[in-house]
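See structure below.
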Amino acid sequence: MSSDVGRTASARAGRAGAVVASLACSLAMAALPAAASELRTDLKALTQLRQGDQSRDFEAPAILYGDLGLRGLPAGAAVETYFGLAHDLGRNEGLFTDLYAASLNVPDAVPGVDFTVGRQFLAETPGGAFVADGGKVRLALGELESFTAFGGAPQYFEPTYSSETFSQDEDIWGGSLRTHRLPNSSLSLSYLNQARDGSTLRRLLSTSGATSLPNLPGLPSFYGSVSYDIDGANLDHATLGTQVFALPPRLALSFEGTYYKPQDQGSYVDPNFQRREDAIFELFSVSDLVQARGAVHYALTTALSAFADYSYQQYERLQGDTENGHIGGVGIDWLPQGDGLEVVRVEYYIADSGGGQVNGGRARYESQVYERLVFFIGGGVAYYEKATNREDFALSTLTGVAYALLPGLVCELNFEANSNPRFDDEFRVGMWLTYNRRHQVALPGLGGDA
């Protein structure tokens, strides 16, 4: 019980620290002169009336996502925030209140130095993407090279972090060196140290790169990354991908392969929860995962195109106990008038694994012919067979209309009708409000009137 209270207090302290750090830096700069600033307001409110999947009670979850930003502060600084609020109006229950980002970025405080403080998204190394309370400093080493140092305390939001039995007392730090010296290419070398409860969890040494060859037929491009865990002495992650055009520009081909092995025990489940690097992955594998995906897109005419994609997954539950999976689909995109104001997509897909097989089809029509109005209708049917010899159908439909009430303010109403083994007939009514605007504002102390 005390550990849960400690984790909650630590999380709250981290959230408060991120906000305080960002606001304090913003206020400290307010005395400096600057031109008018730009206020970005991106809000999205959505609610849905439905019957609960588990409780079968009436539910009306209402969720508000806010992405607010202020640019044009002294030294080119910008404040970024992103939050989510949710409440179930039907059951009168609070769902979540989360602050995903609250950061201050200053790109020109010192020539060649760019720093960001507060709660932010850190993804400076392959295999290491975090929302963290911390800081990041980027130093320009000439026109073509840069060095970035970062550190902070990762923050997790349910249910992406699995069970609460895992400690959220983590810290990360590292750095990356990037260069663009080669034509049409980029290359980076990076290091990430991640610790949990004071013990090292991962020490990733990584390299990544991308290049394009615009002078060759097909305009080929390539990208890849490799991460080695020094702490676990194993290859943690590797990715290689390419894209090329044939019969330019009508045929596009792409391929990507990935290898992932976050832990190295292979034949047993680590009983120490706090030593599990990827808790969700370890629910179905304590070894490795291999993925490969290919896709093709062909423009038959200016208004009609066809596409196909296929992916293959293989993972070992334990060493020597492998599981194979296949996901694929084919379809067409049609523009009835050729101008993109009407779009029709029809697709067939299949998924197959040791747990069973799913065959399905879906179609969608969307129209923006009328000014300020968008109408869409779609539906799908899927037939599945489980390894337990159980089989059934699932049907789903979605119809909606969106209308621009004012510049930047859009309202959408939609209706779902579904039928599946859990619900013989299920109906859901939803409403979305989206507000996106940019405002020029003059703030006190920033060179303009209040």
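The values are calculated or read from the model by the stated rules, or taken from the named source; none is laboratory data. These numbers were taken from a predicted model, which means no experiment stands behind them. Because the Cβ atoms are built from the backbone with ideal geometry, glycine has one as well, and the counts that use them run over all protein chains shown.
Worth pointing out:
- Residue among Ala35, Ala45 that alone is touching a Gly at 6+ places or on another chain (Cβ under 7 Å) and either at pLDDT 50 or above or not in a strand (DSSP E or B) (or both): Ala35
- Within the stretch 167-200, considering residues that are assigned to a loop (DSSP other than H, G, I, E, B) and among the charged types (D, E, K, R), the one surrounded by the most Cβ atoms within 10 Å (Cβ to Cβ): Asp169
- Extreme residue, modelled with the lowest pLDDT, among residues of the stretch 128-166 that are crowded, with 18+ Cβ neighbours inside 10 Å and in contact with a helix residue (DSSP H, G or I) (Cβ under 7 Å, 6 or more places away or on another chain): Gln155
- If you go through the stretch 51-82 and keep only what is under 27 Å from the mean Cα position of the chain (by Cα), among the hydrophobic types (A, V, I, L, M, F, W, C) and either farther than 22 Å from Ala101 by Cβ or not in a strand (DSSP E or B) (or both), you end up with Ala60, Ala77.
- Pairs with Cβ under 6 Å, 6+ apart, first in the stretch 386-399 and outside any strand (DSSP E or B), second surrounded by 11 or more Cβ atoms within 10 Å (Cβ to Cβ): Ala387/Gly355; Ala387/Gly356
- Members of the stretch 88-115 found to be of a type outside the set (Val, Ile, Thr) and crowded, with 17+ Cβ neighbours inside 10 Å, listed by number: Asp88, Gly90, Leu99, Tyr100, Ala101, Ala102, Ser103, Leu104, Asn105, Asp114, Phe115
- Being hydrophobic (A, V, I, L, M, F, W, C) and not in a strand (DSSP E or B) holds for only one residue in Ala252, Ala279, Ala238, and it is Ala279.
- The residues in the stretch 405-424 that are over 27 Å from the mean Cα position of the chain (by Cα), of a type in the set (A, V, I, L, M, F, W, C), in a strand (DSSP E or B) and surrounded by 13 or more Cβ atoms within 10 Å (Cβ to Cβ) can be counted, and the count is 1.
Conditions (1) under 21 Å from Ser188 (Cβ atoms); (2) within 19 Å of the chain's Cα centre (by Cα), marked per residue:
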site	(1), (2)
Leu104	no, no
Val110	no, no
Pro126	yes, yes
Lys136	yes, no
Thr148	yes, no
Ala153	no, no
